[in-house]
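Worksheet: one structure, shown below.
Bear in mind that the values in this text are calculations on the coordinates, not laboratory data. Model, not experiment: these values are computed from the prediction. Cβ: placed from backbone, ideal geometry, glycine included. Neighbour counts: every protein chain shown.
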Amino acid sequence: MSKRWCECPGHESRDFRELTDHYCAHFIPAGWELEYATLLEREERRTLYITGECSRCGGFMRTGEDITGIGTHDSFLRDVCASMLRFRPYAGRDGYGLYRGGVPPRLEWYWRQDQMTLAERVEQFAALFHEGVDQLIARCWAKEHMPAQDFPRETTTEFFNGVIELVQSSGFWPDQRAFITCEPACPTWPPYLVLCHPKFSFVPELKAGAGGGLCIECYLNGIFDSAGNHRLLIGTIKTVCDDRDTAIIMGSLTGALLYYGEAYRKNNSHRFVPYKAVKLPGLKAQKENEHGK
């Protein structure tokens, strides 16, 4: 079945600058595609594409990277794997390894690619190849050689939920839990809400609710993201009651959150260090084939 290519003027332009501007503004990636004939024989040219669609007209778009085919099938598999880990067009990374600028859906897709588990990466890699022997060889190779992040990254919402679960599992959550609600303050996206520096503290503050009742506002203080925040509300715990007994219960809960929040941060501090790119050693630079049709 033939694809309906993007028909926007920018995509049809013969001016490379206009074409690149169009991809920067409208290319939304959705998957990978490997163009090759055979795995076991050498070829002069093979290309790995990121495929997707135009955010304006919905037409098919792809951008690729040429992979030389002069080596063995093992070196070819290695080069494809390296490209999948590195190739992220139209999305620059900052010093923390986070994607900055560009179209949010594209940046999110790249970020999700980086967060894949080893098992997910192995299957995604194998699916690039022809069914049968090629996929079998690719899958076996990937299980032995595919690198992955040592640990998943946490967003501010996941940190907040993690502290809540730790307090609950430790037996310090109030029995009156039906009257207490937890509301994360931040979405799981954009990526600058990913924690990428460990020099912060979790600070719960007990306050009177704006509309009555009591609330515990939970903040991160210090250095924790690439957006330059030094204090950020990440969640709120609320109750509609404000009598003496409830105030004592919420005060006790605030203390438990303070203690277990710090315990959670220390136990997971290795997940908050600045990013390092996942890559294969001995990576060779490849020639980009930016807008291959």
Centre separation in Å (Cα based) which lies between segment 219-260 and segment 24-75: 48
Please turn the phi angles of segment 132-146 into ³J(HN,Hα) values with the Karplus equation 6.51 cos²θ - 1.76 cosθ + 1.60 (θ = phi - 60°), one per residue in order, whole Hz, x for glycine and proline. x, 4, 4, 5, 4, 5, 5, 5, 4, 5, 5, 4, 8, 10, 5
Karplus-derived HN-Hα couplings along segment 17-34 (A = 6.51, B = -1.76, C = 1.60, θ = phi - 60°), whole Hz, x at Gly and Pro: 5, 5, 5, 5, 4, 5, 5, 4, 8, 10, 6, 10, x, 9, x, 10, 8, 10
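Rank by packing, highest mean first: peptides 228-238, 72-82, with packing defined as the count of other Cβ atoms within 10 Å averaged across residues.
Taking the mean over residues of other Cβ atoms within 10 Å, the ranking is 72-82, 228-238.
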Shape verdict for segment 1-82, please, from the Cα gyration tensor: rounded (a/c under 1.5), prolate (a/b greater than b/c) or oblate. prolate
How far apart, in nm, are two points set 7 Å out from the Cα along the Cα-to-Cβ line at ALA30 and at GLN115? 2.1
